[in-house]
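The values are calculated or read from the model by the stated rules, or taken from the named source; none is laboratory data. The model shown is predicted, which means the values in this text are computed figures rather than measured ones. Neighbour counts are summed over all protein chains in view; Cβ atoms, including those assigned to glycine, are modelled from backbone coordinates with ideal geometry. Please note that ligands, DNA and RNA were not included when accessible areas were found on the heavy atoms of the full protein model with its side chains. Shrake-Rupley method; radii C 1.70, N 1.55, O 1.52, S 1.80 Å.
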Amino acid sequence: MIKFNIAPVAGQEIEFIQDAINSRHLCGDGKYTELCSKWLEKTTGTPKVLLTTSCTHALEMAALLFDIKHGDEVIMPSYTFVSTANAFVLRGAKIIFVDIRPDTMNIDETKIEAAITNRTKVIVPVHYAGVACEMDTIMNIAERYNLYVVEDAAQGIMSTYKGRMLGSIGHLGTFSFHETKNLVCGEGGALLVNDRRLIERAEIIREKGTNRSQFISGRVDKYTWRDIGSSYLMSELTAAYLYSQLINAQYITKKRLKLWSIYYQYLYNFIDIYDIELPCIPNTVEHNGHLFFIKLKNKKTRDNLIEYLKDRGIQATFHYIPLHTTETGKKYGEFHASDNMTCEQSDKLLRLPMFFSLEEETVIQICNVVVDYLKKAREKI
Ligand SMILES: *Cc1c(COP(=O)(O)O)cnc(C)c1O
């Protein structure tokens with residue numbers, strides 16, 4: 001059985017967790033939180049990184065920081081994970097879904113401007129598969145209309161856009177360390193506070209609405225209730241696991257990119273023969289091998305291939321059900337203009353196994369089965 005995902009272990013996780021236990025500091029903001037935050041700040045070039053319990057929670061912090069209220073509108077793609085939308089819906093916002101580009105599956109930056117109204121507050125580009133959205137265009141629109149940008153970089157750690165690390169370009173950025181992502185700690189995330197004006201309040205919101213982090217660092221002599229907030233701190237045990245992953249980030253990313261290019265090179269030969277599409281990496285970006293997908297002719301071919309792979313012991317999946325097509329999406333959101341690409345493209349997409357400990361030979365084996373299927377499917381017609 002070839003699994004779709006296996007959580008990575010880089011090597012020093014147990015050692016660091018034991019060290020955290022020995023220190024008797026198990027709650028948040030201890031040594032490992034400090035090590036991880038500093039590492040992330042240095043690597044991404046961001047002034048402040050706050051570790052959180054998840055990317056979902058980092059997105060919720062963003063909605064709190066931007067004072068999102070009932071009636072505010074937030075622009076994002078419909079082709080994303082539910083958390084991107086939920087975080088703002090929880091604050092009363094209406095989600096305005098914008099179509100995606102068929103090449104990268106990212107928000108179509110040329111369609112954003114027309115979706116802006118006087119209620120628009122935030123744009124949330126999602127860097128699908130760790131491949132950057134067209135950030136120059138998006139930041140330019142945000143500046144002209146005085147809007148905030150949160151990059152949902154849940155999948156984008158170690159990827160770049162024109163040499164800049166994803167997550168560090170918008171006013172805020174979010175990472176996920178969920179076990180399905182590139183660098184993991186079980187459940188976890190980070191908020192990248194790129195706009196310095198938001199740092200102080202971000203620390204307060206993360207600490208249940210108190211200025212406890214100022215108290216801990218000796219900046220004030222007592223701490224009190226200062227704002228609304230919640231408990232968004234990552235435990236030290238979790239941060240200890242994460243630190244082992246971060247210091248091996250280059251190595252883990254390199255291995256994923258190697259597997260990604262084996263998939264790509266193998267299947268490249270069959271694009272025209274079997275009418276498949278492979279991921280597109282614009283030349284302004286470097287990606288992180290987060291996931292490998294192929295796009296089939298239509299939904300039926302895609303669904304049949306998932307079954308075919310399953311019968312041969314290979315787990316493949318698809319995602320996402322576009323948010324605007326769900327009951328909840330209809331209740332809290334609206335698709336701006338027409339959906340030309342979102343449903344059509346997501347129906348065709350299939351994700352193949354991709355994880356750190358996947359063997360190169362296994363990738364070849366998977367490609368062989370995919371091509372077998374495509375060959376048989378064509379003969380049937
Ligand atoms: C995984 C993911 C999230 C949620 O991350 P969690 O850390 O599990 O909360 C949000 N957005 C996108 C695009 C994701 O892929």
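Net charge near N298, counting Lys/Arg +1 and Asp/Glu -1 over other residues with Cβ under 11 Å of its Cβ? Walk me through the numbers before you get to the answer.
Working: positive: K295, K297, K299, K300, R302, K348; negative: D275, D303, E344, D347.
With Lys, Arg at +1 and Asp, Glu at -1, the net is +2.
Report the equivalent ellipsoid semi-axes for the chain in whole Å, largest first, defined as the square roots of five times the eigenvalues of the gyration tensor built from alpha carbon atoms.
Working: eigenvalues 253, 143, 53 Å².
Value: 36, 27, 16 Å, ordered largest first.
Quick one: divide the alpha-carbon radius of gyration of region 324-381 by 2.2 N^0.38 Å and tell me what you get. Intermediate values should be presented prior to the final figure.
On the way: Rg = 17.9 Å, N = 58, 2.2 N^0.38 = 10.3 Å.
Here the answer is 1.74, to two decimals.
Which whole-number value in Å² is the accessible area per residue of the chain, probe 1.4 Å? Provide the component values of the computation, followed by the final result.
Working: 16700 Å² over 381 residues.
Ligands and nucleic acids excluded, the figure is 44 Å² per residue.
Can you tell me the Rg and the Dmax, both Å, for the Cα atoms in region 108-266?
Looking at region 108-266, its Cα Rg and Dmax stand at 18.1, 62 Å.
What does the net charge come to around G173 if you take all other residues with beta carbon closer than 10 Å to its beta carbon, with K and R at +1 and D and E at -1?
So the surrounding residues net to -2.
According to the Cα gyration tensor, what semi-axes, each the square root of 5 times an eigenvalue, does the equivalent ellipsoid of region 113-183 have, listed from largest to smallest in whole Å? Mind dumping the intermediate values first?
Numbers: eigenvalues 109, 31, 16 Å².
Those come to 23, 12, 9 Å.
Cα to Cα, under 18 Å, and not fewer than 8 places away if on the same chain: which lysines meet these conditions relative to K258?
Output for K258: K181.
Given contacts defined as C-alpha pairs under 8 Å and at least six residues apart, what's the relative contact order of region 64-206, whole-number percent? Before the final figure, lay out each step's value.
On the way: 280 pairs, mean separation 25.0, N = 143.
After rounding, I find 17 percent.
Please state the relative contact order of the chain as a whole percent: Cα pairs under 8 Å, 6+ residues apart?
Numbers: 800 pairs, mean separation 89.1, N = 381.
After rounding, I find 23 percent.
Which residue, chosen from P322, Y308, P282, occupies the Cα position most advanced towards the positive end of the dipole of region 266-347, where the dipole is computed from +1 (Lys, Arg) and -1 (Asp, Glu) charges on Cβ about the Cα centre?
Farthest along the dipole direction, towards plus: Y308.
Note down the magnitude of the dipole of region 249-380 about its Cα centre, charges +1 on Lys and Arg C-beta and -1 on Asp and Glu C-beta and zero elsewhere, to the nearest 20 debye. Intermediate values should be presented prior to the final figure.
Values: 19 positive and 17 negative charges, 31 e Å.
It comes to approximately 140 debye.
Percent relative contact order of region 249-380, based on C-alpha pairs within less than 8 angstrom and at least six residues apart? Each step should come with its number before you reach the end.
Values: 135 pairs, mean separation 46.7, N = 132.
Relative contact order of region 249-380: 35 percent.
Can you tell me which aspartates and glutamates have their Cα less than 15 Å from the Cα of K3? Leave out same-chain residues fewer than eight positions away.
E179, E307, D311, E359, E360, E361
K162: which lysines have alpha carbons under 20 Å from its alpha carbon, excluding same-chain residues fewer than 8 sequence positions away?
Answer for K162, where 20 Å is the Cα cut-off: K42, K254, listed by chain and number.
Could you give the size of the charge dipole of the chain about its Cα centre, using +1 on the Cβ of each K and R and -1 on the Cβ of each D and E, expressed in debye and rounded to the nearest 20?
Numbers: 45 positive and 46 negative charges, 49 e Å.
It works out to roughly 240 debye.
Take the alpha-carbon centre of region 253-280, take the same for region 26-56, and report the distance between them in whole Å.
Computed from Cα coordinates, the inter-centre distance equals 34 Å.
Computing the accessible area with a 1.4 Å probe over protein heavy atoms, can you report the carbon and sulfur percentage for the chain? Before the final figure, lay out each step's value.
Values: 8570 of 16700 Å².
In the chain, the share of accessible area belonging to carbon and sulfur is 51 percent.
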